[in-house]
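Since the structure comes first, as structure tokens, the remarks are kept for the end.
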Amino acid sequence: MDDVHSVVVIGASAAGLSAVEALRAEGYRGSIRLVGSESHLPYDRPPLSKQILAGTWDRSRLELRPEEHYQRLDIQLALGQRATGLDLQNRTISLERSEPLHFDRLIIATGANARRLPILESASNVFYLRTIEDAFALSTVLRSARSIAVIGAGFVGTEVAAAARKSGVAVTLIDAGDNPLAQRLGALVGSRVARLHSDNGVVLRMRTSVLEAIRNGSNIVELKLGNGDACACDAVIVAVGADPETAWLNGSSLQIVNGVECDEHCRAADGIYAAGDVANWFHPGYGRRLRIEHRTNASEQGVAAARNLLGIPTVFCPIPFFWSDQYDVKLQSFGILPANAQVSYLYGSAESGAFVAGYFEEERLVGVLGWNAAKETRTHVATLSSLWTHDIGLVRMQGGAGEAGRLGQRPIRSG
Ligand SMILES: Cc1cc2nc3c(=O)[nH]c(=O)nc-3n(C[C@H](O)[C@H](O)[C@H](O)COP(=O)(O)OP(=O)(O)OC[C@H]3O[C@@H](n4cnc5c(N)ncnc54)[C@H](O)[C@@H]3O)c2cc1C
């Protein structure tokens, strides 16, 4: 790529890191700037709701790479620096606290932000969980609170509830759905997740939402729920999902609809690519757009975006994968788990301590969910990849699921 002398990557986290590493791995020798609004070296988010809340990891273990790594790869880090705009015509990024940056090629990897609940704003005992600061603030709360209310029973909310119970804190988990995780995993597995949490002492308030927050000074002391219940609490944790971070791209003329719209090569416009939680790309295997908030996806898409940027045509069509740890249960999911899928057990059952649930659409297996059944879950993944014609190669299955150490493996194909 003789015409590429400067690549800028905005967003210094999982997707941005794997992109800059892949640029060097593929032989690009020009300038690379990795710009991130957080002041930390790129760090891992999944442990925030697991090892950090459990108190088993200290801060240093979150860093994905030591500082010398960036020097060795000759990557210029600009941390604590927020991009505020993109001028496509002049190929420049405006920054909050510096001169505009010129680029020949750009990768957008600005991730997502925790969605906020306006009804709770300005209270001093309301917490969100997206950043390292959020996690340490919450871990302090879990050491002192007697009772918390968790609003939102998705992955982050249920993991927070599990960590709080392990610390001996009373937890009320509130969600509009029928069961925790039911919107993500369906009714069958959702009811098993509900039992897991109630067996561990979580008070479930499902099929309801927060109507009113009663305050004492700046603290919320009670939540009034739509079903008539009241929930007294020392702190409130809001985990109601995340929105892609695209505000800085307003007016750029990029297509922004639930993230940065990209094609199957992660390309948003000429010389502009997106990867990770912020990217809404066309998955040719499923024949539709996906925006996925999964750790592994962020790393893999960063690699694909970098290769395409360098002119190595790389279709990005992974089998989506995520994991979650709650109490002594490890959940692993491969493929897609549509809300209207037919779900049945492929191994074990809800009564056993381990099972694999299969998600079927028109009698085709489109997703599998393992519950303490890593080996049995993986035996079904080859079936998932046979759903589409692109040969993605199941590289990811060889190294154990979900570790940051697997960055750079490529379930993608050239062409
Ligand atoms: C608490 C928690 C637990 C999770 N657990 C799991 C799990 O168990 N399994 C799983 O698969 N996934 C999990 N995830 C999801 C996973 O962490 C994300 O999918 C992954 O972090 C996405 O990486 P990313 O690089 O796309 O975006 P992010 O990690 O969101 O990083 C984006 C970066 O860009 C920066 N940025 C944003 N805007 C700008 C700007 N304008 N200028 C400069 N920089 C900017 C942000 O500050 C941030 O550092 C979890 C997420 C959270 C929050």
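The values are calculated or read from the model by the stated rules, or taken from the named source; none is laboratory data. What you see is a predicted model, and the numbers here were worked out from it, not measured in a lab. Heads up, the Cβs are rebuilt from the backbone with ideal geometry, glycines too, and the neighbour counts pull from every protein chain shown. Note: areas computed on protein heavy atoms with side chains; ligands, DNA, RNA excluded. Shrake-Rupley method; radii C 1.70, N 1.55, O 1.52, S 1.80 Å.
Key figures
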quantity: Check on residue 222, surrounded by fewer than 17 Cβ atoms within 10 Å (Cβ to Cβ), charged (D, E, K, R) and in contact with a Lys or Arg (Cβ under 8 Å, 6 or more places away or on another chain); calculated: no
quantity: Test: residue in the stretch 92-103 that is more than 23 Å from residue 298 (Cβ to Cβ), open to solvent by less than 70 Å² (accessible area, probe 1.4 Å), away from the ligand (no atom under 11 Å from the Cβ) and of a type in the set (Asp, Glu); calculated: no
quantity: Residues within the stretch 142-170 that are of a type in the set (A, V, I, L, M, F, W, C), more than 18 Å from residue 116 (Cα to Cα) and more than 16 Å from the ligand (Cβ to nearest atom), tallied; calculated: 3
quantity: Single unsatisfied condition, residue 327 versus (1) modelled with pLDDT of 95 or more; (2) under 30 Å from residue 189 (Cβ atoms); (3) within 13 Å of the ligand (Cβ to nearest atom); (4) of a type outside the set (Lys, Arg); calculated: (3)
quantity: Selection within the stretch 118-159 - among the hydroxyl-bearing types (Ser, Thr, Tyr) and either part of a helix (DSSP H, G or I) or under 25 Å from residue 298 (Cα atoms) (or both); calculated: 128, 131, 139, 140, 144, 158
quantity: Selected residue (criterion: nearest to the ligand (Cβ to nearest atom)) from residues of the stretch 20-39 that are open to solvent by less than 30 Å² (accessible area, probe 1.4 Å) and touching a Ser or Thr at 6+ places or on another chain (Cβ under 9 Å); calculated: 36
quantity: Any pair with Cβ under 7 angstrom, 6 or more apart, that starts in the stretch 244-258 at a residue that is under 15 Å from residue 113 (Cβ atoms) and ends at one that is in a helix (DSSP H, G or I); calculated: 244/277; 244/278; 245/278; 246/278; 256/249
quantity: Among residues of the stretch 63-83, those that are more than 30 Å from residue 27 (Cβ to Cβ) and open to solvent by less than 60 Å² (accessible area, probe 1.4 Å), counted; calculated: 1
quantity: Qualifying residues in the stretch 269-304 (those that are among the aliphatic types (A, V, I, L, M) and within 7 Å of the ligand (Cβ to nearest atom)) - the one surrounded by the most Cβ atoms within 10 Å (Cβ to Cβ); calculated: 275
quantity: Candidates 10, 52 - the one that is within 15 Å of the ligand (Cβ to nearest atom) and either under 18 Å from residue 297 (Cα atoms) or out of contact with any Ser or Thr (no Cβ under 9 Å at 6 or more places or on another chain) (or both); calculated: 10
quantity: Where residue 348 falls short, out of the listed (1) at positive phi; (2) open to solvent by 50 Å² or more (accessible area, probe 1.4 Å); calculated: (2)
quantity: Enumeration of residues in the stretch 163-184 that are part of a strand (DSSP E or B) and open to solvent by 10 Å² or more (accessible area, probe 1.4 Å); calculated: 170, 172
quantity: Enumeration of residues in the stretch 117-141 that are away from the ligand (no atom under 14 Å from the Cβ) and touching a residue at least 40 places away in the same chain (Cβ under 8 Å); calculated: 117, 119, 120, 122, 123, 124, 125, 126, 141
quantity: Residue in the stretch 185-193 that is under 13 Å from residue 151 (Cα atoms) and buried (at least 17 other Cβ atoms within 10 Å of the Cβ) present; calculated: no
quantity: Residue, farthest from the chain's Cα centre (by Cα), within the stretch 227-264, restricted to residues that are open to solvent by 50 Å² or more (accessible area, probe 1.4 Å) and among the small types (Gly, Ala, Ser); calculated: 228
quantity: Filter result for residue 42 (closer than 24 Å to residue 246 by Cβ and either crowded, with 21+ Cβ neighbours inside 10 Å or among the basic types (Lys, Arg) (or both)); calculated: yes
